[in-house]
Amino acid sequence: MVRFVEENTTKMLETKVISNSEVLYVGRDDGDTSPSTKALHDFQINGGGGGGLIRSWVDSMRACSPTRPKSFNNQSCWIKEHPSALNMFEEILNKSEGKQVVMFLDYDGTLSPIVDDPDRAFMSKKMRNTVRKLAKCFPTAIVSGRCREKVSSFVKLTELYYAGSHGMDIKGPEQGPKYKKENQSLLCQPATEFLPVINEVFKKLLEKTKSIPGAKVENNKFCASVHFRCVEENKWSDLANQVRSVLKNYPKLMLTQGRKVLEIRPIIKWDKGKALEFLLESLGYNNCTDVFPIYIGDDLTDEDAFKILRDKKQGLGILVSKYAKETNASYSLQEPDEVMDFLERLVDWKQLRCGA
């Protein structure tokens, strides 16, 4: 049985469309100055200024796509503030003592390496086996900007929860949620009404970006992604102009960004943080004090989930990055291999406690 959660079914699923002026803060009114909010300020679509606006876009594209370590006062200071989750593993275990650990994992750059061709972002067999064992120990969800069906085809594990399109498309395990009393899957799609317009914009972006060598447009169902990893930096302004020429005619869409990618998304109050909250509620852990969510991600869009955990003082976020970045995460890991090491340690710890 599939439970389909419509827009406005519950208070948490309200997806009020926000105005263009509110795009600067993604519908927030809490004075948030997180990295994602700052980037969205630079990515206002319909502002004036023309060339100045495009320069601002390109500056943001550079800022969110580092090619070398940047000073964060100094690197050692940043590491002290966001220590390695491997080095602090015992501390993390102590914080989770007596609580139900729930795992949330980004895909690209977290479970798989970042590659030039997004269609070839395959995870290793060893990583897949590690995630499979992890899901036997804890409720586990993949939260990705990718289309849910695509990331599921990459991971190839039916026992997981999948939240695609930045959490706008959520489905429970095909095998039946082990951690829920009711033997049913769940499906949450709070942006269904935007499917036609996203598909329309995707087709226009395909046509508009043909003239930009290396640009790749991906249809992620509830959002569209314009990858510029293989675009020469001197062509980024041209790409930004082409993207803006399309989006200026769609006031109900907004532009956000990740690592070498521009994301076109519906202007609704929904993101990876909301997806995390929805999944915790669906698992029966809403407002529980005995749950310990761990969210691991490498992208700017993961900051929404990190911020939720930070503000609630519940669980922890782990940023995957070799570079010092402003982040709401508590700990850090440098690359997918370290993520796998961390997950394997969690599995070993759980199996030891259970006498497996």
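The values are calculated or read from the model by the stated rules, or taken from the named source; none is laboratory data. Since the structure is predicted, the reported quantities are computational estimates derived from the model, not experimental observations. Here the Cβ positions follow ideal geometry from the backbone for every residue, glycine too, while neighbour counts run over all protein chains shown. Note: accessible area is taken over every heavy atom of the protein model, side chains too, but ligands, DNA and RNA are not part of it. Shrake-Rupley method; radii C 1.70, N 1.55, O 1.52, S 1.80 Å.
A few points about this structure:
- DSSP-defined antiparallel bridges as percent of all bridges, the stretch 215-353, nearest 5: 65
- Separation of the residue 341 and residue 119 label points, Cα + 7 Å toward Cβ, nm: 3.5
- Checking the cross-link pairs 95/307; 95/325; 80/235; 136/216; 313/350 against a 28 Å limit on the alpha carbon distance flags 80/235; 136/216 as lying beyond it.
- Loop-located chymotrypsin sites (Phe, Trp or Tyr not before Pro) in the stretch 68-176, at most 10 other Cβ atoms within 10 Å (DSSP): none
- The mean sequence separation of alpha-carbon pairs under 8 Å and at least six residues apart, normalised by the residue count of the stretch 290-356, gives a relative contact order of 25 percent.
- In loop segments of the stretch 79-170 as defined by DSSP, the GluC sites (Glu not before Pro) with at most 13 further C-beta atoms inside 10 Å of their C-beta are 97.
- When the pairs 125/272; 204/248; 269/312 are compared against a 23 Å limit on Cα-Cα distance, 125/272 fall above it.
- Surface share of carbon and sulfur [accessible, 1.4 angstrom probe, percent] for the stretch 83-124: 47
- Once C-alpha pairs closer than 8 Å and six or more residues apart are averaged by separation and normalised to the residue number of the stretch 192-266, the relative contact order reads 30 percent.
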